[in-house]
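**Q** Please read through the structure below; I'll follow up with questions.
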Amino acid sequence: MAQVLDFCLRCNNLSCRTALTEKAVVTTCSHIFCLRCASQAGLSQSKSAARQCPACQSELPNPDDVASTLLTPTEDYKTSVLSGLDPTTIVECAGRALSFWAYQTTQEMYRYKITFYQDHLSKTLRDKCSTMGKQMDQMAHDANSAIETLQRRISELEIGQEQLQKKNQELVGVYRDKCKKHAQMTNLYNLLKNRAIRSQIQTAVSDTVAQALNSYGASENNATAGLDSQRPTTSLTASQMSNFNQYTGPCNDHKPKTQRQHKVAFHSRDSAMMPPPTVLPAPRAWAQFAAPNTGPC
């Protein structure tokens, strides 16, 4: 019976699930157990009043609620097991036996479906995990490659930074030297500009003094010429001139010249002692030297 349709009964204890081939313990609640599980659950003790089915926790108070059966009966057992029973009882027994078999088959098929689904789900999950593992390995490989590339790039950038820092230091040194030279050139330019301005001022002052002296001398000459034009033209004889000189000094003809020499000498002395004029040269003569210093440093 256990070999029909290539189907094997199993212990209904979920923690056991042992295949039953020879002997088993059945209950009136349509469950079957192996001898070890039945002994542990106390089903083999017929006098126990607190027996419970390990599968459905049903009470089994009657002695016939639990029975031990042979799964591979002999021919003699088959002949004598239902002998003496009326047909109604035999049919009833057979119907209950078939119901037990159908229930166990249904439960096993349900468990097979669950097991098959679980196996399929497990296989699917294993394949998915394997695929994800390969993807993770590929991602890890790509990440490691990217990290190595970035590390090389960082090393190159550090080297480039060091070179730029050295070049920057060199440029700073060159810039400082240029600033020093520019400052020197600026100072020299300012010195030369001041000298040029002073020379221009001195030249302008000299020209102004010369023009003042010339204008003053021209005015003196014009005044002397006016006096000469107003002087009398009476001429004396030699004897009269000698007599006149004895009493009056030098001849009157030389008096204007002596006066002019005295006046010119006095004017020269006054010019030598006169302070420089306060008149500055024209702005165009030195405005080109007054440009502001706009150089760096």
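**Q** TYR77 is checked against (1) closer than 25 Å to CYS16 by Cβ; (2) surrounded by fewer than 14 Cβ atoms within 10 Å (Cβ to Cβ); (3) in contact with a strand residue (DSSP E or B) (Cβ under 7 Å, 6 or more places away or on another chain); (4) free of Cβ contacts under 8 Å to residues at least 24 places away in the same chain and fails just one. What number does that condition carry?
**A** Looking at each condition in turn, TYR77 falls short on (1).
**Q** Pairs under 7 Å by beta carbon, first residue in contact (Cβ under 8 Å) with a residue 40 or more places away in the chain and of a type in the set (A, V, I, L, M, F, W, C) in segment 195-214, partner assigned to a helix (DSSP H, G or I) and surrounded by 12 or more Cβ atoms within 10 Å (Cβ to Cβ), six or more apart or different chains?
**A** Pairs found: ALA196/PHE289; ILE197/TRP286; ILE197/PHE289; ILE201/TRP286; ALA204/ALA285; LEU213/SER271.
**Q** Only one of ALA55, ALA67, ALA50 is free of Cβ contacts under 8 Å to residues at least 60 places away in the same chain, small (Gly, Ala, Ser) and loosely packed, with under 10 Cβ neighbours inside 10 Å; which? Before the answer, list the steps.
**A** Working: ALA55 fails: loosely packed, with under 10 Cβ neighbours inside 10 Å; ALA67 fails: loosely packed, with under 10 Cβ neighbours inside 10 Å.
Result of the check over ALA55, ALA67, ALA50: ALA50.
**Q** Inspect segment 107-129 for any residue being assigned to a helix (DSSP H, G or I), under 28 Å from ASN13 (Cβ atoms) and touching a residue at least 60 places away in the same chain (Cβ under 8 Å) and give the result as yes or no.
**A** Kept after step one, since they are assigned to a helix (DSSP H, G or I), are these residues of segment 107-129: 107-129.
This time we only want the ones that are under 28 Å from ASN13 (Cβ atoms), so: 107-123, 125.
From what's left, touching a residue at least 60 places away in the same chain (Cβ under 8 Å): 107-108.
So far as segment 107-129 goes, yes, one or more of its residues are assigned to a helix (DSSP H, G or I), under 28 Å from ASN13 (Cβ atoms) and touching a residue at least 60 places away in the same chain (Cβ under 8 Å).
**Q** Among the residues of segment 11-27, which ones are in contact (Cβ under 8 Å) with a residue 12 or more places away in the chain and of a type outside the set (A, V, I, L, M)?
**A** Correct list: CYS11, ASN12, ASN13, CYS16, THR18, THR21, GLU22, LYS23, THR27.
**Q** Name the single residue that is farthest from PHE33 (Cα to Cα) among those in segment 84-106 being part of a helix (DSSP H, G or I) and of a type in the set (D, E, K, R).
**A** As a first pass, look at segment 84-106 and keep what is part of a helix (DSSP H, G or I): 87-106.
Those still in the list that are of a type in the set (D, E, K, R) too: 92, 96.
Working: GLU92: 23, ARG96: 18 Å.
Residue satisfying both the conditions and the ranking: GLU92.
**Q** Out of the residues in segment 1-18 that are hydrophobic (A, V, I, L, M, F, W, C), out of contact with any Cys (no Cβ under 8 Å at 6 or more places or on another chain) and modelled with pLDDT of 80 or more, state the one that is surrounded by the most Cβ atoms within 10 Å (Cβ to Cβ).
**A** From segment 1-18, those hydrophobic (A, V, I, L, M, F, W, C) are 1-2, 4-5, 7-9, 11, 14, 16; that's our starting set.
Filter once more, keeping what is out of contact with any Cys (no Cβ under 8 Å at 6 or more places or on another chain): 1, 4-5, 7-9, 14.
Still in the list and also modelled with pLDDT of 80 or more: 8-9, 14.
Details: CYS8: 13, LEU9: 21, LEU14: 9.
Within segment 1-18, the match that is surrounded by the most Cβ atoms within 10 Å (Cβ to Cβ) is LEU9.
The values are calculated or read from the model by the stated rules, or taken from the named source; none is laboratory data. The structure presented is a predicted model; accordingly, all values stated were derived computationally and were not measured. Here Cβ is always computed from backbone atoms with ideal geometry, including for glycine, and neighbour counts include all displayed protein chains.
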